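What follows is a single structure, written as structure tokens, with notes after it.
Derivation of every value follows stated rules applied to the coordinates shown; laboratory data play no part. Just so we're clear, the structure is a prediction, and the values are computed from it rather than from any experiment. A quick note on method: Cβ atoms are made from the backbone with ideal geometry, for glycine too, and the neighbour counts reach across all protein chains shown.
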Amino acid sequence: MTERMTPSEVVDYPSSDGKPMAENDINREDLTDAVKELAWWFRDRPDVYVSGDLLIFFIEGDRNQHRAPDVFVTFGVEKKMRDNYKLWEEGPPTVIIEISSFSTIKEDTGPKKALYEQWGVSEYYLFDPKGMLLKPPLKGYKLVDGTYVPLLGPPFHSPALDLIIFGDGDRLRFKDPVTGTILPTYEEIAHRLESAESRAETAESRVEDAELRAAAAQARAAALEEELRRLRDGRDK
């Protein structure tokens, strides 16, 4: 008897829709930084998956039914690299963030919002970097009894992420509510690593210098001891 394949095994689900990641540089930087910052925040959680601009398929067997949220976080799934995300296998994202632009604002506030609500996404945030499309530029919603209810803010305290979400000019930022520390951007993390490496190299150089000075002192002491020995040998004669 031939084993019957499931729709997921038959259908070739693509990993790209051929569309650009973002409409402009600002939106792309916000998207990239948000993914990197949240990934860094949850770096020690193997059960939290952070991604962005990844195709999410939501109807099993239909390769044309998908969305690619700018940023999303799913709790309770394995942290691993994926070609795409299948809703029926791993459940809905817990948090979705859309970086809105002129070409996406209608869908972000209409069909996407309704779809994410239908999926059961616990929190939905929209950010307008240019401040021309949304008033205020950052909006947040929480799913209550299957319906999105506006959160008070901005800024917003995300119950799922346990982070403060706020806009800083055209940048979307996150802050630890306990310490007040703002999560570093990718560039800031890279700068910190470079600074740490530089400090480590300086420390190593100092250790090497100290070791060289110590070795030189030992050599001078040995030479002096040898000279004194020769002088003593001369007197004895």
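For a quick check: sort Phe75, Phe174 by the number of other beta carbons within 10 angstrom, fewest at the front. Let's see the in-between values first.
On the way: Phe75 16, Phe174 21.
Least to most surrounded, the residues fall as Phe75, Phe174.
Ordered by the number of other Cβ atoms lying within 10 Å of each residue's own Cβ, fewest first, Ile105, Ile59 fall into the sequence Ile59, Ile105.
Most exposed first by the Cβ proxy, i.e. fewest other Cβ within 10 Å, how do His66, His157 rank?
Numbers: His66 19, His157 15.
The fewest-first ordering by Cβ neighbours comes to His157, His66.
Over region 7-183, what is the relative contact order in percent, taking alpha-carbon pairs closer than 8 angstrom and at least six residues apart?
Working: 319 pairs, mean separation 27.3, N = 177.
The value is 15 percent.
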